[in-house]
Each structure stands twice: as structure tokens, then as C-alpha cells.
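The values are calculated or read from the model by the stated rules, or taken from the named source; none is laboratory data. The shown structure was predicted, so the numbers you read here are calculated from the model rather than taken from an experiment. Methodologically, a virtual Cβ is constructed for each residue, glycine included, from the backbone with ideal geometry; neighbour enumeration extends over all protein chains shown.
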Amino acid sequence: MKEILSELNREVGVKGSMVVTQDGIVVASDLGQGLSDDLVAAVASGAIQTINVALQKIGQPNLSKFVLEAGFGKIVFIDIGIAYLVVILDQRINMDVTLIAISGAAYRIRQMGQITA
Amino acid sequence: MGWFSWLWNKRRDLEKLEAEVRRNTTPASLAGLADKYMQAGESNNAVETARRAIERFPESPRVREMHANIMRLHNQQLLNKLQKELETRPQAGTYARLADIYYREMHDLNRSLELAREGLAKFPNFEDLHLINGQIRYVRYAADHLTKDGMHCLEHLEAAVKLNPMNYKANAIMARVYTEVGAYDRALPHLDAILKFAPDDGAARTLQSKLRGLQPLGDDLEDLFKAVEAIGGPGDATRALASLFPVEYTKGQAPPGRLDVQTAAANITDFRRVEGAKAAIVMDEQGKVIGSFSASGSSAELAEMVWTLYTTSEDSARRMDIGSFTRGSLESPGVRIHMVEAGQHVIAVATAKSTRDESVRQAMNAYIDSVLKG
């Protein structure tokens with residue numbers, strides 16, 4: 001799994017990636033300089049939990065993908081079974097191209113069968 | 001004769017567009033004029049128009065795109081030359097110059113910050129690199145008032161002043177920031193420093209005399225920043241004091257635009273035209289709904305969902321030190337929600353999963369351009 005993350009991190013503009021459960025347990029991570037496992041896991045699990053609760057309130061299942069763009073960076077969350085792939089990106093990247101690589105990585109992790117209910 | 005008539009017609013088309021911009025200055029008219037100048041080979045006019053446009057409509061997606069393209073073309077040669085110098089014989093000054101072009105000309109703060117950081121890793125005692133790092137953090141601080149940006153800004157500017165106590169910009173920004181958060185005792189030494197080498201600076205002298213004798217609002221700098229962040233900006237008293245000493249506003253840090261609320265409410269129904277649109281909403285940053293439409297039922301559920309998404313995104317972005325939320329999209333098996341922040345409002349559209357992202361993006365950009373106040 002770490003290899004898949006490392007490969008994903010070689011894409012232009014990817015600063016780091018992590019597989020984390022909704023409870024904040026880090027399954028695997030490969031974060032770049034200046035990013036800490038604890039912080040990313042805490043932010044990701046907090047966001048995923050809050051959004052999933054809000055979706056349940058309107059009768060929707062959990063999120064399958066959430067892309068957050070901010071002034072100086074982007075974060076992508078993708079559902080991969082009982083955990084989420086979280087990718088930290090540079091603000092300037094071409095999102096359409098990078099999302100293909102992220103979706104590919106998410107698919108490969110899902111296929112590994114390690115992240116299943 | 002053909003050549004002259006072609007030139008004549010081209011110029012006449014441009015004059016028509018210039019008149020149109022004078023009559024009705026909108027993001028679309030300015031972007032259209034800049035593009036036309038570029039096509040006609042009038043690159044100086046194109047650059048000037050692009051600069052005017054980004055100053056007036058900094059949040060318009062169309063203006064931003066046009067500005068980035070034109071400035072990239074305009075600076076291409078110099079950028080290539082400096083980039084090559086970095087690859088072959090990296091020098092501190094080259095990092096600083098390149099970072100400055102990305103900051104001032106291209107408004108690409110990320111690339112500029114990256115270069116300044118990279119340069120500082122190699123040349124930690126280069127004043128200009130600390131200055132640009134501090135300036136960019138100041139731009140970010142001025143936009144969102146995040147503690148991290150404020151602290152990093154001061155850290156780099158203090159380093160710049162340590163290397164050169166007569167650095168006016170660094171002293172000026174620090175005097176302003178310290179005043180804004182109420183650290184008056186820390187602002188004073190920077191005003192004193194400015195007045196030593198610029199004794200005729202009336203604004204610095206006015207602020208200095210106002211701050212003398214004032215008790216700081218606290219001792220812990222981080223706590224002072226956090227207090228400002230909690231209320232979304234400086235309080236009235238500190239803001240009034242800081243405004244006595246205006247710091248040069250770089251184009252990249254233009255204050256956020258505003259929406260014309262009535263037009264925003266009326267035009268929200270434009271999203272009906274997006275294939276698969278289920279609902280759309282525009283709300284202010286306090287969660288108050290300004291306008292909405294729903295293809296079926298109430299849009300209250302969407303409002304609650306959007307508010308949760310927006311506040312969660314803001315919180316996540318701040319904790320990750322990536323600035324403030326600008327855009328987002330959420331996908332769940334039954335719905336897709338697209339959101340964008342513009343003019344201190346949040347605009348969201350819920351669509352079917354089959355709706356093309358590009359058509360929603362285009363509709364959102366057109367909506368923003370139609371409701372932004374110049």
C-alpha cells in the first residue's frame with residue numbers, strides 16, 4: 001500500500017497521501033515535508049465524520065469523494081471501503097488530470113482487499 | 001490597400017470594445033478587451049487591461065484565467081532565463097527575483113512562496129528572501145487573519161530586519177501587523193526604526209504618537225493573533241489605529257469583492273438551465289440564505305448540508321495551513337454538490353451524478369461574473 005502511495009506522490013503537485021479510517025486510525029501514509037501524520041489524520045477523520053453525519057441526515061449514504069480547494073492547497077478524500085484515501089495537493093495543479101491518478105490509486109488499494117469491511 | 005483596410009478594421013473593432021468597457025465595465029468586457037488586444041499584437045495594452053481587470057475583479061474566474069495567461073506570456077522570456085539560471089548556477093538573488101515576479105506580476109503566491117522557501121533553504125541569511133516570504137504571509141494574513149500566517153509573517157520579517165535594520169517594508173508591515181493585533185509595545189520599535197532613517201514619514205510619526213503610552217492587549221503574541229482570528233479580523237479600535245499607517249497594497253492582495261445581493265438572489269434560478277440541476281443556493285458567510293431554487297421540495301436540506309460542508313472545509317483548510325476555502329465538490333452515491341466561495345458568499349449547486357462537472361463549473365463562473373460588484 002505504501003508503494004501505491006509513493007507512486008501517487010510522484011504525480012505533479014501531489015504533496016503527500018494517506019490511508020486513514022473514519023476514526024482517525026492511520027493505515028498507511030507517505031506525507032511530504034512539513035505534513036504530520038497526526039495532523040492530517042485528525043483533520044481528515046474530523047471532516048469525514050462530520051460530512052457523513054450531515055449526509056445521513058438528508059438520507060444519503062456516506063461520501064464517495066470530496067474535493068476541497070483552498071487558497072493555497074487542495075485536499076481530496078476518496079472512499080476505499082472501510083477507510084479513506086486522503087491526498088494533499090498543491091493549489092496550482094490541473095485537477096482533472098490528477099484526479100485520474102488519484103482514482104487509479106484508490107482503485108488499486110481497494111483491489112488489494114486489505115481495506116474491506 | 002488590403003493591408004491598411006485590415007489594420008483599420010482591426011483598430012475599429014478594438015475601439016468599439018474600448019467604448020463598451022467604458023460604458024459597462026464587467027469582468028467579461030475587460031477580459032474580452034484584453035484578449036482582443038493580445039490577438040491584435042498590442043501586448044502592452046493587453047497587460048495594462050489585465051492589471052486593471054484583476055484589481056477591479058480579483059475574484060472573477062474569467063478575469064483570473066485571462067490575467068494568468070497574459071502575464072505568463074508577457075513574462076515568459078524572463079521567467080525562462082531566471083529558471084535556467086537557477087538550474088545551472090543558483091544564487092540567492094535569482095530566487096528572490098523569480099519569487100518577486102511570481103508574486104507581483106503573476107499573483108501566483110504559491111509558486112512565489114515555494115521559490116522563497118527553496119531559496120531560504122540554500123541561503124538562510126538572504127534578506128530579500130525573508131522579506132518576500134514575510135510579504136506573502138502578510139497577503140495571506142490580510143485575507144483570512146489566520147494565526148499561522150501572522151506568526152510566519154512576523155518570523156520572516158523579523159529575520160529580514162535583523163539582517164538589515166533599515167528595511168522599510170519589513171518594518172512597516174510589522175508595525176501594522178503588531179498594531180492590528182494590539183501588540184502596541186512590539187509595534188513601536190519598528191516605527192522608531194522607520195523614523196530614524198525616514199524622519200519625514202508623517203504616517204509613521206502619527207501612529208507612533210498614538211501608540212505611545214497605550215497598554216498592549218496582551219503579552220502572548222500567539223494568543224493575540226488567535227483572538228483576532230476568532231472574530232475574523234482586527235477589532236474596530238486596533239483597525240482604526242493600524243489604518244493611520246497604510247501599508248502598500250499589492251495587487252495580489254486586493255480586498256475581497258462583494259456580491260450584489262439582489263442580483264445574486266434573482267440570478268440563482270439561472271442554474272435551472274444546468275442539465276441535472278436539483279437545487280441551488282447562495283448564502284452569506286454567516287449561513288444566512290440569500291436566494292435558492294429547488295427542482296422539487298424545499299432547499300432547506302441543501303442549505304444545512306452546504307453550511308456543514310462549508311464550515312468543515314474552512315476548519316480543515318485552516319488547520320492544514322492551506323488558506324481559506326475557495327471551491328469544493330462532494331460526491332455520494334445519490335447526489336453531487338458543487339460549492340464555490342465568491343464575494344464573501346457561498347454558492348452551491350446540487351446535481352445528478354451524471355451532470356458534467358465542466359457544465360456546472362461554467363455555470364458557476366458565469367453566475368459569479370454576473371453578480372460581482374466592481
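Some points to look at:
- Selection status of B:Gly323, at the interface with chain A (Cβ under 10 Å from one of its Cβ atoms), assigned to a loop (DSSP other than H, G, I, E, B), within 30 Å of B:Gly150 (Cβ to Cβ) and not hydroxyl-bearing (Ser, Thr, Tyr): yes
- B:Arg52 of a type in the set (Lys, Arg) and over 26 Å from B:Val340 (Cα atoms): no
- Qualifying residue in the stretch B:11-21 (condition: over 26 Å from B:Tyr138 (Cα atoms), outside the structural domain of B:Glu127 (by TED's automatic domain parsing) and under 24 Å from the mean Cα position of the chain (by Cα)): yes
- Considering B:Ala28, B:Ala19, B:Ala92, B:Ala46, the condition of being under 29 Å from B:Gly343 (Cα atoms), at pLDDT 90 or above and not charged (D, E, K, R) is satisfied by B:Ala46 alone.
- A:Gly59 within 23 Å of B:Glu301 (Cα to Cα) and out of contact with any strand residue (DSSP E or B) (no Cβ under 7 Å at 6 or more places or on another chain): yes
- Subset tally (residues that are basic (Lys, Arg) and within 17 Å of B:Glu314 (Cα to Cα)) for the stretch A:5-57: 0
- Among residues of the stretch A:41-57 being aliphatic (A, V, I, L, M) and farther than 16 Å from B:Pro333 by Cβ, the one that is farthest from the other protein chains (Cβ to nearest Cβ) is A:Ala41.
- The stretch B:41-66 residues that are farther than 22 Å from B:Arg327 by Cα, paired with ones that are hydroxyl-bearing (Ser, Thr, Tyr) and at pLDDT 85 or above (beta carbon under 8 Å, 6 or more apart): B:Ser43/B:Tyr37; B:Asn45/B:Tyr37; B:Ala46/B:Tyr37; B:Thr49/B:Tyr37
- Residue pairs meeting the criteria (Cβ under 6 Å; at least 6 apart or on separate chains; first in a helix (DSSP H, G or I), in the stretch B:23-36; second surrounded by 17 or more Cβ atoms within 10 Å (Cβ to Cβ) and among the basic types (Lys, Arg)): B:Pro27/B:Arg62; B:Ala31/B:Arg62
- Residue ID - surrounded by the most Cβ atoms within 10 Å (Cβ to Cβ), chosen from residues in the stretch A:58-78 that are closer than 20 Å to B:Ala279 by Cβ and within 7 Å of chain B (Cβ to nearest Cβ): A:Phe66
- Here the condition is being loosely packed, with under 15 Cβ neighbours inside 10 Å and either among the charged types (D, E, K, R) or not assigned by TED's automatic domain parsing to the domain that holds B:Ala342 (or both); of B:Ala183, B:Ala172, B:Ala159, B:Ala237, it holds for B:Ala237 alone.
- Subset of the stretch B:302-320 that is within 7 Å of chain A (Cβ to nearest Cβ) and closer than 25 Å to B:Cys153 by Cβ - its residue that is surrounded by the fewest Cβ atoms within 10 Å (Cβ to Cβ): B:Arg319
- Restricted to the stretch A:79-102, and to residues there that are touching a Ser or Thr at 6+ places or on another chain (Cβ under 7 Å) and either facing chain B (nearest Cβ under 7 Å) or over 22 Å from A:Gln33 (Cα atoms) (or both), the residue that is surrounded by the fewest Cβ atoms within 10 Å (Cβ to Cβ) is A:Ile82.
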